[in-house]
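The values are calculated or read from the model by the stated rules, or taken from the named source; none is laboratory data. Remember, it's a predicted structure, so these values are computed and weren't measured experimentally. Cβ sites come from the backbone with ideal geometry, for glycine too, and all protein chains shown count toward neighbours. Keep in mind that these areas ignore ligands, DNA and RNA; they rest on the heavy atoms of the full protein, side chains included. Shrake-Rupley method; radii C 1.70, N 1.55, O 1.52, S 1.80 Å.
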Amino acid sequence: MASKVTPISGFQEWLPTDRIVEQHFLDTIREVFELHGFASINTRSVEPVERLSSQGEDADKEIYAVRRLAAPAGDDSEPSLGLHFDMTVPFARYVLENAGKLTFPFRRYQIQQAWRGERPQRGRYREFIQADIDIVDADQLPSHYEAELLLVIADVFSRLPVGDYTIHVNNRKICEGFYRGLGIDDVIGTLRIVDKLDKIGAEKVAELLVANGLTDDQAKQCLALAEISSPDGSFVELVRALGVEHPTLDEGLEHLASVIATASEHAPGVAVADLRIARGLDYYTGTVYETMLERDPGYGSICSGGRYDSLASDGKRTFPGVGISIGVSRLLGLLIGEEGLTASRQTPVAVLVAVNDEDSRDESTRIATALRARGIRTLVAPKAAKFGKQIQFADRRGIPFVWFPGAGDDGSDQVKDIRSGAQVGADAATWAPPSADLLPSLVLPQEPANS
């Protein structure tokens, strides 16, 4: 008896044309990461629940637990495992386990799926792909890496049709030093509340800060700090004008000014100092990043991360790091799912080799083999149908060329561009399609016509 298939929300499953777009993004990201000297790793999908749940106030609410269906109720013989909700926590564990085999500073990239047990909504999924880069060193990590990651992301996005974007940058030492300078002891709690500004607004944040033990004046000062933003180093004087002093604040201002100066020189217009950016996870200790699309800032961050100084430590050595992550599924949920970014064809195939009749299929296969040996993605027609139907087969899939064995007056092969109708003689040992047709291209959504 047939059963009805019910979709599960929060999971992306693309049609072939959309998957080609996704693969183009992943290939481009990987290529740029490698151009900047990052090496690829993969980590397991699960981590101990206690390690995952220790990374933030609400982290345990997002963890999918993993256990055997056949495990007896109350059986504690197996470790409690959860699917990782980001790449940073498993990467920190990976560094500790392999520290004796790695060369530091260690530059890694990781493109994998992650899982979060939250209510699916626009741009947020239960299962999603992240593309991370991190730089980790032993004992000390130079601060110049915090600026370098911005340049890598700028390089990635310069090669992809993401439109205008801005990387908003802050340094948690600015927040920590400012709060301590105000006499606030609960720095983490205050950060968590301020991090909700974009979600609940300044008035509600002020109420929560006061409820958390701050005075009205302290809450006002925290909000004043969060309102500061500038595309250059002028934010330093704006912070100084608030009249708060603390050594940690000085350190944070110096580091952030350096990051913004480097970004301004090498990727002008990409980064802005934005002192409301806090990042909710507890392990961030320095620079933090969030990236917004200019045309739709309400969509939220598509690329985020930061510096962590004590996430990876074995008690004897500490491995500080800095990382940034592109939310690939989140980004493509907008570009493909909402805006209609697509590919020029639904298959990577550039050439369909026609079959004259079933007795000559071996000849068509030999032609396809010769083309494939030269890197040309080729498919042999499934049936020896009329040529019109074989052309129709190619057209429906967006395959631009059809190869006809022995179709020339002298018995030579011919190839037809079915878009223009042009047909020429061809030799499988030398012919190649134009480079633009070797792979599917991205097709940008059409702009609405002016009325």
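The set of residues in the stretch 340-355 that are open to solvent by less than 70 Å² (accessible area, probe 1.4 Å) and in contact with a Ser or Thr (Cβ under 8 Å, 6 or more places away or on another chain) comprises THR342, ALA343, SER344, ARG345, VAL349, ALA350, VAL351, LEU352, VAL353, ALA354, VAL355.
Quick check on the stretch 263-280: of everything there that is more than 23 Å from PRO320 (Cβ to Cβ) and in a loop (DSSP other than H, G, I, E, B), which residue is most open to solvent (accessible area, probe 1.4 Å)? That would be PRO268.
Just one of the listed residues (ALA350, ALA354, ALA343, ALA312) is among the small types (Gly, Ala, Ser) and at pLDDT below 95, and it is ALA312.
For the residues ARG124, ARG180, the requirement of being open to solvent by 10 Å² or more (accessible area, probe 1.4 Å), among the basic types (Lys, Arg) and closer than 28 Å to LEU334 by Cα singles out ARG124. Among the residues of the stretch 144-165, those identified as open to solvent by 20 Å² or more (accessible area, probe 1.4 Å) and either outside any loop (DSSP other than H, G, I, E, B) or under 23 Å from ASP198 (Cβ atoms) (or both) are HIS144, TYR145, GLU148, LEU151, ASP155, SER158, GLY163, ASP164, TYR165.
Conditions tested, residue by residue: (1) surrounded by 14 or more Cβ atoms within 10 Å (Cβ to Cβ); (2) at pLDDT below 95; (3) in contact with an Asp or Glu (Cβ under 8 Å, 6 or more places away or on another chain); (4) not hydrophobic (A, V, I, L, M, F, W, C).
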| site | (1), (2), (3), (4) |
| --- | --- |
| ASP250 | yes, no, no, yes |
| ASP282 | yes, yes, yes, yes |
| GLY327 | yes, no, no, yes |
| LEU332 | yes, no, yes, no |
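Of the residues ILE41, ILE111, ILE129, ILE29, the single one that is open to solvent by less than 50 Å² (accessible area, probe 1.4 Å), more than 30 Å from SER9 (Cβ to Cβ) and at pLDDT 95 or above is ILE41. Scanning for something surrounded by 14 or more Cβ atoms within 10 Å (Cβ to Cβ), assigned to a loop (DSSP other than H, G, I, E, B), among the small types (Gly, Ala, Ser) and more than 35 Å from the chain's Cα centre (by Cα), does the stretch 439-451 turn up at least one residue? Scanning the stretch 439-451 turns up no residue that is surrounded by 14 or more Cβ atoms within 10 Å (Cβ to Cβ), assigned to a loop (DSSP other than H, G, I, E, B), among the small types (Gly, Ala, Ser) and more than 35 Å from the chain's Cα centre (by Cα). Touching a residue at least 24 places away in the same chain (Cβ under 8 Å) and over 30 Å from VAL21 (Cβ atoms): which single residue out of ALA350, ALA429, ALA394 fits that description? Residue meeting the stated conditions: ALA429.
Within the option set VAL424, VAL415, VAL402, being assigned to a strand (DSSP E or B), open to solvent by 60 Å² or more (accessible area, probe 1.4 Å) and not small (Gly, Ala, Ser) holds for one residue only, VAL424.
Report whether or not ALA432 is in a loop (DSSP other than H, G, I, E, B), surrounded by fewer than 17 Cβ atoms within 10 Å (Cβ to Cβ) and of a type in the set (Gly, Ala, Ser). Yes; evaluated as a whole, the condition is true for this residue.
Of all residues in the stretch 385-399, those being open to solvent by less than 40 Å² (accessible area, probe 1.4 Å) and at negative phi number 4.
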